[in-house]
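Here the structure is laid out as structure tokens; the discussion comes afterwards.
The values are calculated or read from the model by the stated rules, or taken from the named source; none is laboratory data. All values reported here derive from a predicted model rather than from experimental measurement. Ideal geometry is used to build each Cβ from the backbone, glycine not excepted, and the neighbour counts take in all protein chains shown. Only protein heavy atoms, including side chains, enter the accessible area calculation; ligands, DNA and RNA are left aside. Shrake-Rupley method; radii C 1.70, N 1.55, O 1.52, S 1.80 Å.
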Amino acid sequence: MNTVLIKNAKIVNEGTIFEGDVLIENEFIVEIAESISPKSPNCKIIDAEGSYLIPGAIDDQVHFREPGLTHKGDIASESRAAVAGGITSFIEQPNTVPNAVTQELLEEKYQIAAKTSYANYSFMMGGTNDNLEEVLKTNPKNVAGIKLFLGSSTGNMLVDNQEVLEKIFSSTKMLIAVHCEDEATIKTNLEKYKVQFGDDIPVEYHPLIRSEEACYLSSSKAIALAQKTGARLHVFHLSTAKEMELFTNKIPLEEKQITAEVCVHHLWFSDEDYKTKGNFIKWNPAVKSANDRNALWEALLDDLIDVIATDHAPHTLEEKQQSYLKAPSGGPLVQHAVVAMFEAHHQGKISIEKIVEKMCHNPAKIFKIEKRGFIKEGFYADLVIVNTGLPWNVKKENILYKCGWSPFEGYNFKSRITHTFVNGELVYQNFKVKETPVGKRLLFDR
């Protein structure tokens, strides 16, 4: 039996922090108490004194690039980076190559992850203009949800047929996650700046091309459709102050039919950073103004926004170093997301309890993930120890992404993750990942 006793931790769970011990047997948390004595001589003891013990973070939106785009990243490389960053479960998106738009293609991704993933995993089924039958075959017990791109994406994944959208929304009880940007608005904006700059549009114009209007038009339509059909809608990576009026905090999360996510980069960067970071902070939706960023923080703390995620989307350095029009959107974040939010805590922006609520508890609640996202007896031991007084610098040598770069490169974080457990296995310690993929397929209580 694998037995681990974590002693003297500041345990963060469900809005409280209390000092105590946690006993792990095999995959599960079996006891939480003020003081626990080892039950056997083989029990491994970890003294976490002075550090926080949090549930492993659940990232509800990543792009790990396998199959088809593995020069950028793959399930093994990016899940290794995730566990080093305190993310123990992820939900991956369907815009791989080929797109995961049939049950067979979706299942192939699960088979790869079963052999290679260091973190627990689920994959979204992709919707298109012509695969409704396949979408409706999706098993709600072992697939996280349906993903729809309402703005341009890799391959044939733009869903712009209103009739099809309405059918998907009204035909499934599964959670539908959406990327909301209005394609026609973006194209009009792009043509305007092409007239002005030709092919040399400065990256600073990215938030004007993929504008507030493009985001609001699309998200407001998706929400109206969800309200009309009763669909369960989750809106990914919000980026504007204007969109905040579309959400509510008047009812408990468990009763919300429409939920919202914000990503780390929209909370961290603003359009002022394009001058120094260029295409390395080119995301879709775009990083927008400091005013938008402030509104996102306010909405997050007010519970209009329910989840913090990454939209981890690695590209190679060569791809990102191209001109604005050629450089792809997206960036790697899973290794640095949790410590970035702890940095925001050091800056007085958010409590540690709130970080845990938005990165661990709420994704588990929204997707109804079985036995994860909390520090509770009988739950899987997906646990992370964070030392808030152990500064470190992000540099090439300690970046684990396959693409080898980070938008945080050169930044000094005040907090460091010292241990990560996945399913009771200590997979990360002393800044090294144990080379055994122990991730399991996420299951859903629905």
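Structure summary
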read-out	value
Flag for residue 12 being over 30 Å from residue 261 (Cα atoms) and of a type outside the set (S, T, N, Q)	no
All helices (runs of 4 or more DSSP H) inside the stretch 172-241 with 1 or more residues being open to solvent by 10 Å² or more (accessible area, probe 1.4 Å) and β-branched (Val, Ile, Thr)	183-197, 212-229
Close pairs (8 angstrom Cβ cut-off, 6 or more residues apart or separate chains): among the polar types (S, T, N, Q) in the stretch 127-147, at pLDDT below 95 and exposed (fewer than 15 other Cβ atoms within 10 Å of the Cβ) anywhere	129/160; 129/161
Candidate set: the stretch 210-238, residues that are in contact with a strand residue (DSSP E or B) (Cβ under 9 Å, 6 or more places away or on another chain) and among the aliphatic types (A, V, I, L, M); chosen: the one nearest to residue 282 (Cα to Cα)	238
Matching residues, the stretch 397-446, being basic (Lys, Arg), farther than 19 Å from residue 336 by Cα and over 20 Å from the mean Cα position of the chain (by Cα)	446
Residue count for the stretch 194-208, restricted to those that are over 32 Å from the mean Cα position of the chain (by Cα) and of a type in the set (Phe, Trp, Tyr)	1
Counted residues, the stretch 111-126 - those being surrounded by 17 or more Cβ atoms within 10 Å (Cβ to Cβ) and touching a residue at least 60 places away in the same chain (Cβ under 8 Å)	8
Pick from the stretch 140-171, criterion modelled with pLDDT of 90 or more and under 15 Å from residue 94 (Cβ atoms), ranking: farthest from the chain's Cα centre (by Cα)	168
Residue match in the stretch 100-107 (condition: touching a helix residue (DSSP H, G or I) at 6+ places or on another chain (Cβ under 6 Å), assigned to a loop (DSSP other than H, G, I, E, B) and surrounded by 17 or more Cβ atoms within 10 Å (Cβ to Cβ))	yes
Residue tally, condition out of contact with any Lys or Arg (no Cβ under 6 Å at 6 or more places or on another chain) and either open to solvent by less than 10 Å² (accessible area, probe 1.4 Å) or modelled with pLDDT of 95 or more (or both), over the stretch 435-446	7
Which listed residue is assigned to a helix (DSSP H, G or I), of a type in the set (D, E, K, R) and surrounded by 23 or more Cβ atoms within 10 Å (Cβ to Cβ), from 78, 134	78
Residues satisfying the stated conditions in the stretch 297-349, i.e. among the aliphatic types (A, V, I, L, M) and closer than 17 Å to residue 387 by Cα	337, 338, 339, 340, 341, 344
Whichever residue in the stretch 300-325 is farther than 23 Å from residue 86 by Cβ and among the hydrophobic types (A, V, I, L, M, F, W, C) and, among such residues, is surrounded by the most Cβ atoms within 10 Å (Cβ to Cβ)	304
Leading residue by the ranking (most open to solvent (accessible area, probe 1.4 Å)) among those in the stretch 51-75 that are over 22 Å from residue 329 (Cα atoms) and out of contact with any Cys (no Cβ under 9 Å at 6 or more places or on another chain)	52
Elements of type strands (runs of 3 or more DSSP E) in the stretch 326-434, at least 2 residues being open to solvent by 10 Å² or more (accessible area, probe 1.4 Å)	416-422, 425-429
Verdict on residue 92 being buried (at least 19 other Cβ atoms within 10 Å of the Cβ), of a type in the set (D, E, K, R) and in contact (Cβ under 8 Å) with a residue 60 or more places away in the chain	no
Selection count, the stretch 289-303, where residues are closer than 29 Å to residue 252 by Cα and not in a helix (DSSP H, G or I)	2
Candidate set: the stretch 242-282, residues that are of a type in the set (Ser, Thr, Tyr) and either more than 15 Å from residue 178 (Cβ to Cβ) or free of Cβ contacts under 8 Å to residues at least 60 places away in the same chain (or both); chosen: the one most open to solvent (accessible area, probe 1.4 Å)	276
